[in-house]
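Asker: This is the structure I have questions about; it appears just below.
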């Protein structure tokens, strides 16, 4: 791929297609489905074998296969009907896609939104890698996905997509000053159908989002994962009844909620987010200074999320995955609990996030993932 020396930005769908054609992204004897291309990312697919491993690790100066010789307990065949991954067990799965990055391209991986919403923890490692989900410029080799179900035992199989990949060049991150200027002409956050005033933006290497703990008339604000839930089949063709997996959560008077330690919650952001065609975003995992709360697996927001000026769309709210650590923790309405960082696109994508490409969470008012039917509670 030929990029200008001073290029900076996230590669759009049509450039990802070019990268596949030139072998920068390759799947060997497998074909990469066109449907796996998103506006600024590529859905990665599970391979044929899952290794149940003793512990998580980074390869350091070794290849992943060299490490697996010491850490593998068992292997599961993901072909056909797939296999069940147990709660709290780490598994390592070689992905079908591999990379041959040129010196001016690096990559980053993140869980898909549907993966985070079922509390399945994933992260990518590479041969001789020293960081999770960060693939160095010039890397040639396989991609491996660590998968840890945390709330539900899940069934997975070959070709299932649990995470996504972006290609980047240069330094595409937008500064707080750039975000302020951009928001003034093309609003990025809305609150109750109106752009958030510039002097009310909370910036610190990105935009912070608050919680909605007002909820509906019944104070319903989200869901908490049930203990002892049935097996969750991520390969099922139809959504399953949510009531077996989730219990509704309602705020108390004063629009507050006490989080129970180590329980997994799905809540909604107070603000609605807009990602215009020229930018992309990433929700970064955030730990408040107190250390009592973890909010949101990292995740990508592609161009077009919450964006449709012709239809008068004023953003889409973000689903937030929240867990308290060791003691009960009080959260309040509008409390800032997560951060969006923004990156410039190298060029605008041909397709935008939305119903036109089968996106699941445009105009969402529900936190549950696509794997579930709406709760009756």
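Asker: So which of 218, 204, 229 is surrounded by fewer than 19 Cβ atoms within 10 Å (Cβ to Cβ) and free of Cβ contacts under 8 Å to residues at least 60 places away in the same chain?
Answerer: One residue alone meets the criteria, 218.
Asker: Here are 165, 160, 188: which of them is crowded, with 16+ Cβ neighbours inside 10 Å and within 30 Å of residue 2 (Cα to Cα)?
Answerer: Residue meeting the stated conditions: 165.
Asker: Something else: For residue 306, all conditions in the list (1) surrounded by 17 or more Cβ atoms within 10 Å (Cβ to Cβ); (2) on the phi < 0 side of the Ramachandran plot; (3) at pLDDT 70 or above hold save one; what is the number of the exception?
Answerer: Tallying (1) surrounded by 17 or more Cβ atoms within 10 Å (Cβ to Cβ); (2) on the phi < 0 side of the Ramachandran plot; (3) at pLDDT 70 or above, residue 306 fails exactly one: (2).
Asker: How many of the residues in the stretch 122-143 are under 24 Å from residue 234 (Cβ atoms) and surrounded by fewer than 16 Cβ atoms within 10 Å (Cβ to Cβ)?
Answerer: 1
Asker: Taking residue 204, is it in the same structural domain as residue 316 (by TED's automatic domain parsing), over 20 Å from the mean Cα position of the chain (by Cα) and at pLDDT below 95?
Answerer: Taking the combined requirement at face value, the residue satisfies it.
Asker: Additional query: Name the residues in the stretch 83-93 that are within 10 Å of residue 51 (Cα to Cα) and not in a loop (DSSP other than H, G, I, E, B), would you?
Answerer: 91, 92, 93
Matching residues to (1) over 18 Å from residue 318 (Cβ atoms); (2) outside any strand (DSSP E or B); (3) in the same structural domain as residue 281 (by TED's automatic domain parsing):
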site	(1), (2), (3)
199	yes, yes, yes
208	no, no, yes
213	no, yes, yes
230	yes, yes, yes
235	yes, yes, yes
238	yes, yes, yes
243	yes, yes, yes
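Asker: Return the residues of the stretch 324-354 that are farther than 30 Å from residue 167 by Cα and either modelled with pLDDT of 90 or more or not in a loop (DSSP other than H, G, I, E, B) (or both); say none if nothing qualifies.
Answerer: 324, 328, 329, 330, 331, 332, 333, 334, 335
Asker: Criterion first (farther than 19 Å from residue 43 by Cβ and not in a strand (DSSP E or B)) does residue 158 satisfy it?
Answerer: no
Asker: What tally of residues in the stretch 61-82 results from selecting those that are farther than 18 Å from residue 159 by Cβ and assigned to a loop (DSSP other than H, G, I, E, B)?
Answerer: Counting residues in the stretch 61-82 that are farther than 18 Å from residue 159 by Cβ and assigned to a loop (DSSP other than H, G, I, E, B) gives 3.
Asker: Now for a separate question. Using the structure shown, decide if residue 43 is assigned to a strand (DSSP E or B) and surrounded by fewer than 14 Cβ atoms within 10 Å (Cβ to Cβ).
Answerer: Taking the combined requirement at face value, the residue does not satisfy it.
Asker: For the stretch 94-118, which residues satisfy the criterion of being touching a strand residue (DSSP E or B) at 6+ places or on another chain (Cβ under 8 Å) and over 20 Å from residue 158 (Cα atoms)?
Answerer: Initial filter on the stretch 94-118 (touching a strand residue (DSSP E or B) at 6+ places or on another chain (Cβ under 8 Å)): 94-101, 104-113, 115-118.
Result: 100, 101, 104, 105, 106, 107, 108, 117.
Asker: Next question, about the same structure. Give the residue, chosen from 321, 282, that is within 14 Å of the chain's Cα centre (by Cα), modelled with pLDDT of 90 or more and either assigned to a loop (DSSP other than H, G, I, E, B) or surrounded by fewer than 23 Cβ atoms within 10 Å (Cβ to Cβ) (or both).
Answerer: Among 321, 282, only 282 is within 14 Å of the chain's Cα centre (by Cα), modelled with pLDDT of 90 or more and either assigned to a loop (DSSP other than H, G, I, E, B) or surrounded by fewer than 23 Cβ atoms within 10 Å (Cβ to Cβ) (or both).
Asker: Could you check how many residues of the stretch 13-52 are farther than 20 Å from residue 98 by Cβ and either over 21 Å from the mean Cα position of the chain (by Cα) or in the same structural domain as residue 281 (by TED's automatic domain parsing) (or both)?
Answerer: So the answer is 2.
Asker: For the stretch 88-139, give me the residue count where each residue is within 11 Å of the chain's Cα centre (by Cα) and under 25 Å from residue 22 (Cα atoms).
Answerer: 2
The values are calculated or read from the model by the stated rules, or taken from the named source; none is laboratory data. Fair warning: this is a prediction, and the values are worked out from it, not measured in the lab. All Cβ positions, even for glycine, are placed from backbone atoms using ideal geometry, and neighbour counts span all protein chains on display.
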